[in-house]
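These notes concern the structure reproduced below.
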Amino acid sequence: MTHPIAITGFGQISAGQDPRELTAKALFGHPYKPFGRMDYFSKLGLAGIFKAMADAGLREWQEKRNIGLVASTRFGCLGTDRDYFATVKPNHGMAASPALFAYTLPNCFLGEAAILLGLTGEGFVISDDDSTGMAGLSMAMTALLGDDSVEAMVCGICDTPQPGHSETQAPPFEGALFMVLENRGHNSRNNYGTLEFDRSGAIIYNQETVGDIAALAANALKGRKP
Amino acid sequence: MERVFITDAAVVTSLGATLSETWQNLMAGDSGIRKIDRFDTRNYLSDSAAWIPDLVPEANGSMLATLVTRLVSQLGPLDRDALVFTATTKSCIDLIDSPGRGNDLLCSSMAHYISQRLNLADRGINISAACASSTIAIAKAAQAIALGRAQSALVCSMDLVTEFVFSGFSALRAMSPDPAKPFDRDRRGLTIGEGAGALVLTGETRAKAKGLTPMAEISGWGISGDASHITAPDREGAGLVRAVTKALECPGNLNQTIGAINAHGTGTVYNDAMELTAFKRVFGDRVPPVNSLKGALGHTLGAGGGIEAALGIKMLDHQVLPPTVGLSLPEPGAEGLVSNQAMDFKGDYLLTTNSGFGGINAALVLKRGESIR
């Protein structure tokens with residue numbers, strides 16, 4: 001139950017990037033119609049997941065796969081919520097945007113990633129204001145360890161800057177940062193090291209306790225470009 | 001694997017301020033759906049929802065804090081080391097226009113509120129998976145206990161009827177002009193609802209040590225995605241089939257028979273048809289009795305699975321499914337499976353399912369409570 005889990009892919013995209021540069025062609029190498037209708041939060045998250053899966057060599061697929069998705073966030077799609085409600089207020093909802101409303105659920109980008117990449121595993125978003133992503137990482141590892149039929153888990157963090165939201169500090173990472181986890185032997189294209197639980201349930205990477213996903217990624221990617 | 005018991009439960013719904021009151025009104029065939037005066041509905045497809053008229057804002061200015069306070073005040077003392085999981089799709093979204101309340105809009109806000117209010121050590125996290133949020137939160141809490149990572153967990157689910165959500169479902173044309181009619185051949189969509197549910201989960205070791213009598217056991221769970229559409233279910237129910245199959249294959253359920261199914265049953269054309277297809281794929285020609293609570297309680301979104309699991313305890317205790325309110329003529333293929341009357345069943349196991357936007361599906365198997373001393 002506690003064997004090491006391999007990190008086989010990373011995908012990272014900064015929220016500082018000009019949103020206009022975040023195009024399907026630039027990301028996927030080809031047009032992808034649904035991408036244009038997505039909100040910024042979803043685009044970021046989908047881009048991060050796609051890059052991680054591509055890095056792990058899992059981008060191409062024929063049959064849907066039992067691969068799960070766990071994302072952690074502080075703000076979620078709060079910006080999209082505000083954009084949507086701005087369409088509701090005038091004229092008592094007459095112009096409420098159904099397209100925007102669909103993206104006022106923070107898990108919708110996981111559904112988009114599942115469609116794009118053929119992923120049928122579990123998928124949910126954890127909202128946690130410590131923004132370390134550790135709860136999600138722990139759940140992703142547990143899912144992989146507890147069920148042999150799970151091929152891989154993709155987990156990470158996704159947050160967008162919230163202008164005017166001064167009540168809390170900004171998350172330590174603004175953008176999307178995802179990693180692919182696999183049981184050893186599934187995929188040998190990349191090996192960024194292994195993760196395991198110690199007896200107390202803490203997550204260990206290279207003999208050190210992991211405190212947050214962003215630091216883990218920085219450590220794992222030293223000298224490499226995902 | 002540690003067995004996981006439900007040792008306390010509570011709900012607040014449009015049909016009652018407690019689990020017992022809600023249950024009695026459900027069994028009487030009542031509906032909590034009523035005309036809304038909370039906001040102007042003139043431009044929406046419906047003017048009604050299953051809402052709680054006396055839910056006035058308190059504490060942080062949101063009605064959600066009031067709802068949650070009413071919910072957790074019904075619970076007995078909790079172990080301080082209990083994990084805290086919440087499940088909400090939109091948290092205090094009634095504050096979206098209130099300057100300076102940004103923190104309350106975060107989905108994690110109610111987890112922290114509950115943790116502080118109950119003096120629990122864990123600050124808590126929120127699980128968001130659309131209308132499957134609370135079923136997944138219960139599954140994750142149960143998994144933590146089953147694997148020995150915790151001995152106690154509190155799972156609270158909650159969502160409000162607000163103009164934000166109401167306008168969205170109206171704009172998507174998923175909302176029924178009339179009260180929802182789950183599994184009816186003339187169903188036209190869902191009716192929004194509000195409410196909250198709480199389950200206290202306890203590991204067998206601690207339950208025995210404390211001499212607790214379980215209300216029920218969580219004997220299985222499964223989660224799976226459709227990977228087919230963001231706002232519509234897979235027509236063949238592939239994701240739900242996988243989720244249910246996984247739940248049924250959990251060790252405690254092997255060779256056991258499901259006595260009844262509390263379905264998601266939203267009243268939308270595609271959801272209800274998808275569920276029937278999935279149940280037939282799993283159970284063949286032996287689909288057990290099926291019901292939906294959403295004609296009575298409305299679709300309470302992220303709260304739905306939690307409320308339904310709490311009421312599932314009552315269903316198992318009394319060996320009866322409450323009436324599917326709103327149903328008059330079952331859709332083709334549902335004849336004999338669903339009813340607008342209460343349906344008796346025999347069995348110790350209840351399957352309860354939810355599905356949501358993003359194409360996510362989740363299933364729980366509840367086992368009737370028994371003495372463990």
Using θ = phi - 60° and the Karplus form 6.51 cos²θ - 1.76 cosθ + 1.60, what ³J(HN,Hα) does each residue of the range B:79-85 get, whole Hz, x for Gly and Pro? 5, 5, 8, 5, 5, 10, 10
Sticking with the crude label model, points 7 Å out along Cα→Cβ, report the distance from B:ASP186 to B:ARG34 in nm, one decimal please. 2.6
Expected field for B:ARG206, accessible surface area in Å² at 1.4 Å probe radius, rounded to 10, holds 60
Report the calculated FRET efficiency for A:HIS92 and A:GLN207 (r = Cβ-Cβ distance, R0 = 56 Å), to the nearest 0.05. 0.40
Simple spin-label model, 7 Å along Cα-to-Cβ: B:ARG42 to A:TRP61 in nm? 4.8
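Which net charge results when you count Lys and Arg as +1 and Asp and Glu as -1 among the other residues whose beta-carbon is under 12 Å from that of B:VAL72?
Around B:VAL72, the surrounding residues sum to +1.
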Can you give the % of DSSP beta bridges in chain A that are antiparallel, to the nearest 5? 65
At least 40 Å² of accessible area lost relative to the chain alone, listed for the range A:109-147 with a 1.4 Å probe: A:ILE115, A:THR120, A:GLU122, A:PHE124, A:SER127, A:ASP129, A:MET139, A:THR142
Stokes-Einstein D (µm²/s) once Rh is taken as the Kirkwood radius of chain A over alpha-carbon pairs, at 25 °C in 0.890 mPa s: 137
Each residue of the range B:14-26 in order: what ³J(HN,Hα) in whole Hz does its phi give by Karplus 6.51 cos²θ - 1.76 cosθ + 1.60, θ = phi - 60°, with x for Gly and Pro? 5, 10, x, 8, 9, 4, 5, 5, 4, 4, 4, 6, 4
Nonlocal amide H pairs with B:LEU83, under 5 Å, H built at 1.01 Å: B:SER152, B:ALA153, B:LEU154
Taking only DSSP H segments of four or more residues, each worth -39500 (n - 2.57), what value at 222 nm results for chain A once the sum is divided by all its residues, to the nearest 500 deg cm²/dmol? -9000 deg cm²/dmol
Would you tell me the mean number of C-beta atoms belonging to other protein chains that fall within 10 Å of each C-beta in B:166-178, as a whole number? 4
When DSSP assigns beta bridges and you keep just the ones with both residues in the range B:110-246, what percent turn out antiparallel, to the nearest 5? 80
Residues losing 40 Å² or more accessible surface upon assembly, the range B:33-52, compared with the chain by itself, 1.4 Å: B:ASN43
Short version: what are the Cα gyration tensor semi-axes of the protein assembly as shown, square root of 5 times each eigenvalue, largest first, in whole Å? 34, 28, 24
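What translational diffusion coefficient, in µm²/s and rounded to a whole number, does the Stokes-Einstein relation yield for the range B:70-181 at 37 °C and a viscosity of 0.692 mPa s, taking the hydrodynamic radius as the Kirkwood radius over Cα pairs?
213
Rounded to the nearest percent, how much of the accessible area of the protein assembly as shown (1.4 Å probe, protein heavy atoms only) is carbon and sulfur?
Of the solvent-accessible surface of the protein assembly as shown, carbon and sulfur hold 48 percent.
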Per residue of the range B:295-303, what does 6.51 cos²θ - 1.76 cosθ + 1.60 with θ = phi - 60° give for ³J(HN,Hα)? Whole Hz please, x for Gly and Pro, Karplus curve as stated. x, 9, 9, x, 8, 8, 6, x, 7
Fraction of antiparallel bridges per DSSP, chain B only, in percent to nearest 5: 70
Just tell me which lysines come within less than 17 Å, Cα to Cα, of B:LYS346; anything on the same chain fewer than 8 places away is out. B:LYS314, B:LYS367
In the range A:54-83, the residues losing 20 Å² or more of accessible area (1.4 Å probe, heavy atoms of protein chains only) relative to their chain alone are A:LYS64, A:ARG74, A:LEU78, A:ASP81, A:ARG82
For the pair B and A, total buried accessible area rounded to nearest 100 Å², probe 1.4 Å: 4100
Provide the per residue accessible area, probe 1.4 Å, for the range B:219-337, rounded to a whole number of square angstrom. 31
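The values are calculated or read from the model by the stated rules, or taken from the named source; none is laboratory data. None of the values given here were measured: they were computed from a predicted structure. Reconstructed Cβ throughout: ideal geometry from the backbone, glycine too, with neighbour counts over all protein chains shown. Ligands, DNA and RNA are stripped out before the accessible areas are found, and what is left, the full protein with its side chains, is counted by its heavy atoms. Shrake-Rupley method; radii C 1.70, N 1.55, O 1.52, S 1.80 Å.
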